[in-house]
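> I have a structure I would like to understand better, so I am pasting it below and will then ask my questions one at a time.
Read the figures in this text as sums done on the coordinates, not as results from a lab. Not measured: the values here are computed from a predicted model. Cβ: placed from backbone, ideal geometry, glycine included. Neighbour counts: every protein chain shown.
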Amino acid sequence: MNCLTRIRQRYPTLAASDKKLADYILSQPDETRHLSSQQLAAEAGVSQSSVVKFAQKLGFKGFPALKLALSEALASSRIRTPSRCITTFAVTIRCVWSARN
C-alpha cells in the first residue's frame, strides 16, 4: 500500500495536528517531497517534532523515509496513468480508422 493510501485510510483516527499534516500532504504531495521537516511544519502549522512523529505513526523510520515513499507513490501513479497526449493520440487513431472503413 502506498503512503498516500495509508494516510487516507488512517485519516479518520488522526489527531488534529496529524490531520493538518495529512491535509497538506494529500493536497500537495509533489510539493511536500521537496520540503524539509521544518518547512513542512511551518506550511502545515504544526511543530517539527509533529512531522517526525507523524511519519513514525505511519510506519516510517522518519520523515526522509516518508518523503521517499511519497516520491515512489507519485512515480507509480504517473507510470500507471496514461498521459493526456497518449489518450488524445489513441482517440485520433480510432477516428481515422473508423473514417477509413
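> Which condition breaks for LEU40 when tested against (1) in contact (Cβ under 8 Å) with a residue 24 or more places away in the chain; (2) part of a helix (DSSP H, G or I); (3) hydrophobic (A, V, I, L, M, F, W, C); (4) surrounded by 19 or more Cβ atoms within 10 Å (Cβ to Cβ)?
Among (1) in contact (Cβ under 8 Å) with a residue 24 or more places away in the chain; (2) part of a helix (DSSP H, G or I); (3) hydrophobic (A, V, I, L, M, F, W, C); (4) surrounded by 19 or more Cβ atoms within 10 Å (Cβ to Cβ), the lone unmet condition for LEU40 is (1).
> When you check ASP18 against the structure, is it assigned to a helix (DSSP H, G or I), surrounded by 15 or more Cβ atoms within 10 Å (Cβ to Cβ) and among the charged types (D, E, K, R), yes or no?
Judged against the criteria, ASP18 is a match.
> Please work out which residue is farthest from LEU68 (Cα to Cα), limiting yourself to region 1-15 and to residues that are in a helix (DSSP H, G or I) and among the hydrophobic types (A, V, I, L, M, F, W, C).
Out of the qualifying residues, it is ILE7.
> Return yes or no: is PHE54 surrounded by 14 or more Cβ atoms within 10 Å (Cβ to Cβ), in contact with a helix residue (DSSP H, G or I) (Cβ under 6 Å, 6 or more places away or on another chain), assigned to a loop (DSSP other than H, G, I, E, B) and not charged (D, E, K, R)?
no
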